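Here it is, the structure in full.
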Amino acid sequence: MINTEIKIAIGSDHAGFSYKQALLEWLPNATIKDFGTYSTDSTDYPDFAHPVASAVESGEFDFGILVCGSANGVAITANKHQGIRAAICWQQELASLARQHNNANIVCIPERFISLDEAKAIVETFLTTDFEGGRHANRVNKMSC
């Protein structure tokens, strides 16, 4: 079960809008900030990925959720931020490993390639899986430039 005290930043481009809206309705009564987009009108994914990444990087939010068609654009954009480890996840196991081994703090969902039920399961797994630390902490510490 997702901790209701968690703070989540969420955003999408037009290709991820419908899943973002569904996730907003599905997520628990946690502190959630929607960084847009707010319609299916064509948009540029960096306009939403950068604010979500900045909000997580600053510590204002614990985790981020980004949704776009393939998840590639939002992941590449978010990972430009030093304190961000954004992971593209299309299966629950990837979400679990991204948290356990990489201490990922943003999950990137590819709306065009998975069902909404899969997206929900991935987000739940991501938000409820702890970082294992240990040998993985050493590796994560080597990621920053």
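Report yes if T31 is open to solvent by 50 Å² or more (accessible area, probe 1.4 Å) and at pLDDT below 95, otherwise no.
yes
Given the residues G59, G133, which is the only one that is at positive phi and open to solvent by 30 Å² or more (accessible area, probe 1.4 Å)?
G59
Looking at (1) open to solvent by less than 60 Å² (accessible area, probe 1.4 Å); (2) out of contact with any Cys (no Cβ under 8 Å at 6 or more places or on another chain), can you tell me which one E124 breaks?
Only one criterion is unmet by E124, namely (1).
Now a separate question. I need the full set of residues from segment 97-117 which are under 14 Å from V74 (Cβ atoms) and either modelled with pLDDT under 95 or not polar (S, T, N, Q) (or both), in order please.
Within segment 97-117, A104, I106, V107, C108, I109, P110, E111, R112, F113 qualify.
I'd like the residue in segment 72-106 that is part of a helix (DSSP H, G or I) and among the β-branched types (V, I, T) and, out of all such residues, is most open to solvent (accessible area, probe 1.4 Å).
Filtering segment 72-106 for residues that are part of a helix (DSSP H, G or I) and among the β-branched types (V, I, T), the one most open to solvent (accessible area, probe 1.4 Å) comes out as I76.
Restricting attention to segment 77-88, does a residue exist that is closer than 21 Å to T31 by Cβ, touching a residue at least 24 places away in the same chain (Cβ under 8 Å) and among the hydroxyl-bearing types (S, T, Y)?
No, segment 77-88 contains no residue that is closer than 21 Å to T31 by Cβ, touching a residue at least 24 places away in the same chain (Cβ under 8 Å) and among the hydroxyl-bearing types (S, T, Y).
Can you list residue pairs whose Cβ atoms sit under 8 Å apart, with the first residue in segment 118-138 being at pLDDT 95 or above and the second being charged (D, E, K, R)? Count only pairs 6 or more apart in sequence or on different chains.
Pairs found: A119/E111; T125/R99; F126/R99; T129/R99.
Pairs, please: C-beta under 8 Å, at least 6 apart or cross-chain, first residue assigned to a loop (DSSP other than H, G, I, E, B) and in segment 37-53, second modelled with pLDDT of 95 or more and open to solvent by 70 Å² or more (accessible area, probe 1.4 Å)?
T37/D47
Determine whether A104 is within 14 Å of the chain's Cα centre (by Cα) and either of a type in the set (D, E) or more than 15 Å from Y19 (Cα to Cα) (or both).
Answer is yes for this residue.
Scanning segment 1-28 for residues that are touching a residue at least 40 places away in the same chain (Cβ under 8 Å) and assigned to a loop (DSSP other than H, G, I, E, B), which turns out surrounded by the most Cβ atoms within 10 Å (Cβ to Cβ)?
By that ranking, first place goes to D13.
Then there's this: Identify all residues within segment 129-145 that are outside any loop (DSSP other than H, G, I, E, B) and touching a Lys or Arg at 6+ places or on another chain (Cβ under 8 Å); write none if there are none.
Of everything in segment 129-145, just one residue is outside any loop (DSSP other than H, G, I, E, B) and touching a Lys or Arg at 6+ places or on another chain (Cβ under 8 Å), namely V140.
The values are calculated or read from the model by the stated rules, or taken from the named source; none is laboratory data. None of these values were measured; they are calculated from a predicted model. Glycine also receives a Cβ, built like all others from the backbone with ideal geometry; neighbour counts cover every protein chain displayed. Note: areas computed on protein heavy atoms with side chains; ligands, DNA, RNA excluded. Shrake-Rupley method; radii C 1.70, N 1.55, O 1.52, S 1.80 Å.
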